[in-house]
Structure formats: structure tokens, C-alpha cells
């Protein structure tokens with residue numbers, strides 16, 4: 001079975017105010033030079049551990065349990081275009 005590459009994802013917990021913790025899942029698409037947030041908690045958690053556990057659960061759900069979160073399959077540029085409308089399509 002052929003797989004697309006694993007996504008470069010990381011989980012981080014931030015404390016923007018004392019005692020309020022937020023998780024965020026960040027991703028890099030350029031050899032881990034820059035990162036951007038792909039998911040983040042809406043609500044604050046009372047402890048670092050609670051934020052980490054909920055963020056880790058979200059990260060696990062982003063991929064297959066056996067093979068992990070994978071990049072989307074690249075579009076085959078050599079394939080014939082798909083017609084969305086026109087003769088033979090609208091019939």
C-alpha cells in the first residue's frame with residue numbers, strides 16, 4: 001500500500017494568562033523552518049495536563065491510528081482534465 005508523506009505536525013500548549021492553558025496543533029510545510037496553526041482549542045483549560053491530553057486526542061484523530069496523519073494526495077498533472085459541464089456531461 002502506497003502512502004503520501006506524513007504531515008509535519010506538533011502539539012504545543014500555551015499559557016496566555018496565568019492558570020489558563022490552550023493547546024494548538026502546528027504544521028510545517030517547508031522542512032520545519034516556519035510553522036502555522038492548523039487547530040487550536042477554543043476554550044481554556046485549568047491545567048497544562050488537561051490541555052495537553054485534549055490536544056493530543058485531537059492530533060490522534062487527525063490521522064489513521066496505524067499510519068498517522070498523511071498529506072493530501074497530489075493531483076496528477078499528467079491526467080486528462082475532468083469536465084464539469086459540456087457535451088456528454090450535462091446529458
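The values are calculated or read from the model by the stated rules, or taken from the named source; none is laboratory data. Quick caveat, the model's predicted, so the values are computed rather than measured. No Cβ is skipped: glycine too gets one built from the backbone with ideal geometry, and neighbour counts run over all protein chains shown.
Taking the residues in the range 1-29 that are outside any strand (DSSP E or B) and under 19 Å from the mean Cα position of the chain (by Cα) as candidates, determine which candidate is modelled with the lowest pLDDT. Please lay out each step first, then the result.
Filtering the range 1-29 for residues outside any strand (DSSP E or B) gives 1-5, 7, 18-19, 29.
If we keep only those that are under 19 Å from the mean Cα position of the chain (by Cα) as well, we get 3-5, 7, 29.
Values: 3: 76, 4: 83, 5: 84, 7: 88, 29: 86.
So, considering only residues that are outside any strand (DSSP E or B) and under 19 Å from the mean Cα position of the chain (by Cα), the one modelled with the lowest pLDDT is 3.
Of everything in the range 15-28 that is in contact with a helix residue (DSSP H, G or I) (Cβ under 9 Å, 6 or more places away or on another chain) and surrounded by 15 or more Cβ atoms within 10 Å (Cβ to Cβ), the residue that is nearest to residue 40 (Cα to Cα) is 24. Screening residue 32 against (1) surrounded by fewer than 12 Cβ atoms within 10 Å (Cβ to Cβ); (2) modelled with pLDDT of 95 or more leaves a single unmet condition, (2).
Cβ separations smaller than 6 Å between residues 6+ apart or across chains give the following pairs from the range 30-46 residues that are at positive phi to residues that are part of a strand (DSSP E or B): 32/8.
Residue under question is residue 51, and the condition is that it be part of a helix (DSSP H, G or I) and closer than 13 Å to residue 14 by Cα; does it hold? The answer is yes for residue 51.
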